[in-house]
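See below for the structure under consideration.
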Amino acid sequence: MADYDVLVVGCGPTGLMACGELAKRGINVLGIDKKPRLDENIRTASGYCFLDQSFNNEYIKMEPAGNKTLLHYTDSGFSVEYSMPMEGIHHSHMFSDTGKHWKASTRKKPFYHLFVPNNCFKDRYAWAKKCGAKFLPETLVLRAKQTEKEVEIIARTNGKTRTLTARKLIASDGLGSRIARHLGVNRNRTPFGKGPSIEWEMNGVETPYDRGDMFFFGGKNFGGRQGALIMVPSMSGKKAYRLETLSVLPASSATELIEYFTQKGPFSSWFKHAEIIDKSAAVVDMMTPIITPYLGNVLFVGDSAAFAECLYQCATMAGYMSAVYMEEELKGKKGFEGYNEWWANHFEWIKNPKRMADYTKRVLFPRFFSVKELDFLFELSEKNPIVVDEADATPYDFTKVVMEQFIAMPEVPDALKKRMQQIIDGDMGMIATVIGQSQKA
């Protein structure tokens, strides 16, 4: 007889949601994670959430409730409570290699809302434990194998190795899923590379621009290093921001990039009196998604089966839906097939591979143009401010919205407009070409 009904390997937003929902349904579940504490975030997470707009075919309605916020997943049919208010952000900025500035603003609906990743972990972990879920922290899963009736894992806790069995397993162990690798499901996936990311949360940042996300790129900003940096407002204070690097291997390059940017770069004066209040890191590993996210008794959920990060909001709904369909599977119904259908109908890059490219285009924005072209476009945007009531700001659509704003400007040459349309229409083949050209430069 198996030790548990379900083992959940990886207790991020996906795994914690799955554990709590399974326990609430009376299922004997154990969550396993290598972190010593499961109620805190140690992974790079910019802390933004797309609410009151469609993202991955889910519409999350935000309901302020005093000092708390209720998030209603209107399509998937569940709600979660977040223990703090959320802040809407109405401004977005980009800065070219020469310091030229682009800005877009919304009058009514924010581009996105801010939350505190640590509080998200605390909320879901406390809720999952209250529901009766059991957890095994500080534990690394070394190997996994399965028979027709159960799954067996070899895990190490505090230097001691043990064997655990379950009827089913949920692999929610992130983009570099060890379970996916052990069971061979990555063999048919196309890798697009990986890169390190370091995030510093800093308070006391003195910036002259409206509070909003800021995207910096170009060799001058980073002392000639290849990469970019995104600065997102933080809920820790009005002068608090999260600085997240986008860089290449080795991992030390991320540290060098952020240190140069804050201490020596053209914008270093902003950080003269700032202090680092938190640090986190991650390695982002991108490959084509798992189209059928299950194998035998194992269900691959959230980032473990994804093209790129599902982000907290979509990771949470993946965790919830995995529990719903896992209960059906345990009852002898076709639960995994049900999750597979839900997965395909919600995460856009499953049925439409072009959406992988659309998801990637924002971070590649500066690579589509020369420095001279970007300066020209940014100067135009300063003369013709981009201010709208609302805009689609999700990773899928942001670049399209920006390009269409430029295309609508009569001063932009037709040849440049044509190239922008090609960027809007471009697929992963175009993305691979752009990345290849930048690596040769």
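Quick note: the coordinates plus some simple rules give every number you see, no bench work behind them. Because the structure is predicted, anything quoted here is derived from the model rather than measured. Here the Cβ positions follow ideal geometry from the backbone for every residue, glycine too, while neighbour counts run over all protein chains shown.
Overview of values
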item	result
Loop-located trypsin sites (Lys or Arg not before Pro) in region 221-288 whose Cβ has at most 12 other Cβ within 10 Å (DSSP)	Lys238, Lys264, Lys272
Dipole in debye (nearest 20) - region 193-286, about Cα centre, beta carbon charges: Lys, Arg +1; Asp, Glu -1	200
Those Cys residues of the chain for which no other cysteine Cβ falls under 4.7 Å	Cys11, Cys19, Cys49, Cys120, Cys131
Dipole of the chain [Lys/Arg +1, Asp/Glu -1 at C-beta], most positive-end residue of Trp127, Thr106, Leu330	Leu330
Selection of trypsin sites (Lys or Arg not before Pro), region 72-115, meeting DSSP coil and at most 11 other Cβ within 10 Å	Arg107, Lys108
Which of Leu416, Leu299, Leu30, Leu16 has the fewest Cβ neighbours within 10 Å, and the rest in rising order	Leu416, Leu30, Leu299, Leu16
DSSP-defined antiparallel bridges as percent of all bridges, the chain, nearest 5	75
Prolate/oblate/rounded label for region 356-440 (Cα gyration tensor, a/c 1.5)	oblate
Among (i) 27.2; (ii) 24.0; (iii) 22.7, the entry that matches Kirkwood radius over Cα pairs in Å as calculated here	(iii)
In Hz, Karplus ³J(HN,Hα) per residue of region 116-123 (6.51, -1.76, 1.60; θ = phi - 60°; x = Gly, Pro)	9, x, 4, 5, 4, 5, 4, 4
Leading residue at positive end of dipole, region 300-441 (Cβ point charges), from Ala318, Ala415, Asn340	Ala415
Relative contact order (percent, whole number), the chain, Cα cutoff 8 Å, 6+ residue spacing	19
Residue with peak Gaussian network fluctuation, the chain [Cα springs, cutoff 10 Å], from Gly47, Gly193, Gly302	Gly193
Point-charge dipole on Cβ atoms (K/R +1, D/E -1) for the chain, about Cα centre, debye to 20	980
Sequence of Ser83, Ser322, Ser96 once ranked by neighbouring C-beta atoms within 10 Å, starting from the fewest	Ser83, Ser96, Ser322
Relative exposure of Cys49, Cys11, Cys131, judged by other C-beta atoms within 10 Å (fewest first)	Cys131, Cys49, Cys11
